[in-house]
Ligand code: ADP
Ligand code: MG
């Protein structure tokens, strides 16, 4: 059957058009180019990895429906993703993925083929390292200084320093994975004979389960004993998995005894890990434990600039500051926002300005978006702290006024869409740096003063009631 692939794709587009709005259609489907039809498989070219991920996260059912309607129930779709658009000398680089595959890897054990022992060769081993994570692009700040130095020391002399194991801990998105991968990449680049292996806990536990089911426990152990640097990410997920822990205990001991380096990450310090055998926990504390904290404002700013620079995109300081403050969940969300901005800037050839940043933010972070007014915040805060409303808006520098004023600024930042400059305007014409200072003071005080933190949280509840 000879049907031109562009006709097939056009028919698919007709189905898609009916299911998604016009704007989405123009944004996400118009830029797609059909490449070929091979039997039941239609291959389409999408302009970037980000684009591909967006389609997979949002439009798998729509795409499936279209392909099934046009090609029949056995019809399938494949993406050809442009990961590097090339230049006059080099052709573009593309990667192919089947439609709907992106989220299947989290489903559990069944995807793993039976565990088999493989002799590892340092040159060909699949390290599972992402080459984009390096020390070069890991921004140093107070929040991560110790962890970063420890990582560097280990990268220079794996297995030889007393930082063995190196245990890094911290909340979501503070850079644990980035940092341990940077260590892995550094060792791999400088010591090509070392076998480096990065495993996240689900690889480890799933492979282990599989080895148990297939009577391959010894193979499993021998496989891991070959490595010179073992990076185990997110060990907290081994909680309650006794058999897996036991296996890790043996691997750990043997690697450690033979001077091999072990690096682990966890979402809390070893002493707070629940559901772990005591003997394993005591091993975790043998080397160095270092924490990574939420990045401060300056570090966030630097991360934003660094990432945009790497993508060759100019971001005005005003926008970077806005993002550094507004995306206060974690750096992973920040990454999503920045990717989306880059995408808008490159695809639609738009300049990145405050309006675009707000627009993107609104779509990505489903934060408390509200219409609470500055007036309402100022009034609520002044009543709560029993200070005069006019002084909150004024210039008096007495501590009993300054603190409520700073708290009110803090809530304006959280619950309104105003820029820092505009918030300053509403508090006696102060400039944005005063507002930044206020936000920082409130955050600092919340860390050190439990009573103050309670007050802010109580106020937050009052305001939120109004928001929701
Ligand atoms: P974690 O593993 O702690 O949850 P990640 O390492 O996945 O966090 O970091 C989340 C995102 O933030 C990644 O894109 C990472 O590159 C970025 N990131 C975190 N810390 C830094 C840093 N200090 N410098 C540059 N990028 C960072
Ligand atoms: Mg991580």
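The values are calculated or read from the model by the stated rules, or taken from the named source; none is laboratory data. Here the structure is a predicted model, which means the values were calculated and not measured. Glycine also receives a Cβ, built like all others from the backbone with ideal geometry; neighbour counts cover every protein chain displayed.
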note = Taking the range 14-44 and keeping only residues that are assigned to a helix (DSSP H, G or I), buried (at least 17 other Cβ atoms within 10 Å of the Cβ) and at pLDDT 90 or above, one is left with 16, 29
request  = Return the pairs, sorted by first residue and then second, in which the second residue is within 8 Å of ligand 1 (Cβ to nearest atom) and not in a loop (DSSP other than H, G, I, E, B), the first residue lies in the range 166-187 and is over 16 Å from residue 293 (Cβ atoms), the beta carbons are less than 6 Å apart, and the residues are 6+ apart or on different chains.
outcome  = 180/265
Subset of the range 146-193 that is under 22 Å from residue 333 (Cα atoms) and exposed (fewer than 15 other Cβ atoms within 10 Å of the Cβ) - its residue that is nearest to ligand 1 (Cβ to nearest atom) = 172
task = Starting from the range 233-245, take each residue that is on the phi < 0 side of the Ramachandran plot and within 15 Å of ligand 2 (Cβ to nearest atom) and list its partners that are part of a strand (DSSP E or B) and modelled with pLDDT under 90, counting only C-beta distances under 6 angstrom and pairs at least six apart or across chains.
result = 233/200
key: Subset tally (residues that are touching a helix residue (DSSP H, G or I) at 6+ places or on another chain (Cβ under 7 Å) and more than 16 Å from ligand 2 (Cβ to nearest atom)) for the range 182-197   = 4
query = In the range 321-343, which residues are more than 19 Å from residue 50 (Cβ to Cβ), in a helix (DSSP H, G or I) and within 14 Å of ligand 1 (Cβ to nearest atom)?
reply = 324
query = Quick one: how many residues across the range 158-188 are touching a strand residue (DSSP E or B) at 6+ places or on another chain (Cβ under 9 Å) and more than 23 Å from residue 272 (Cα to Cα)?
reply = 10
Candidates 179, 146, 152 - the one that is within 16 Å of ligand 2 (Cβ to nearest atom), over 20 Å from residue 282 (Cβ atoms) and assigned to a helix (DSSP H, G or I) = 179
ask   = Quick check: is even one residue across the range 284-298 away from ligand 1 (no atom under 16 Å from the Cβ) and part of a helix (DSSP H, G or I)?
value = yes
inquiry  = Suppose we keep only residues that are over 23 Å from the mean Cα position of the chain (by Cα) and free of Cβ contacts under 8 Å to residues at least 40 places away in the same chain within the range 258-274. Which one would you say is nearest to residue 172 (Cα to Cα)?
reply    = 272
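Of all the residues that make up the range 105-117, how many are at negative phi, assigned to a loop (DSSP other than H, G, I, E, B) and at pLDDT below 85?
Step one: of the range 105-117, the residues at negative phi are 105-107, 109-117.
Pick out the ones that are also assigned to a loop (DSSP other than H, G, I, E, B) and you get 107, 109-117.
Of the ones still in play, those that are also at pLDDT below 85 are 107, 109-116.
Residues that pass the stated criteria total 9.
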inquiry  = If I ask for residues that are surrounded by 13 or more Cβ atoms within 10 Å (Cβ to Cβ) and over 15 Å from residue 441 (Cβ atoms), which ones from the range 395-410 would you list?
reply    = 396
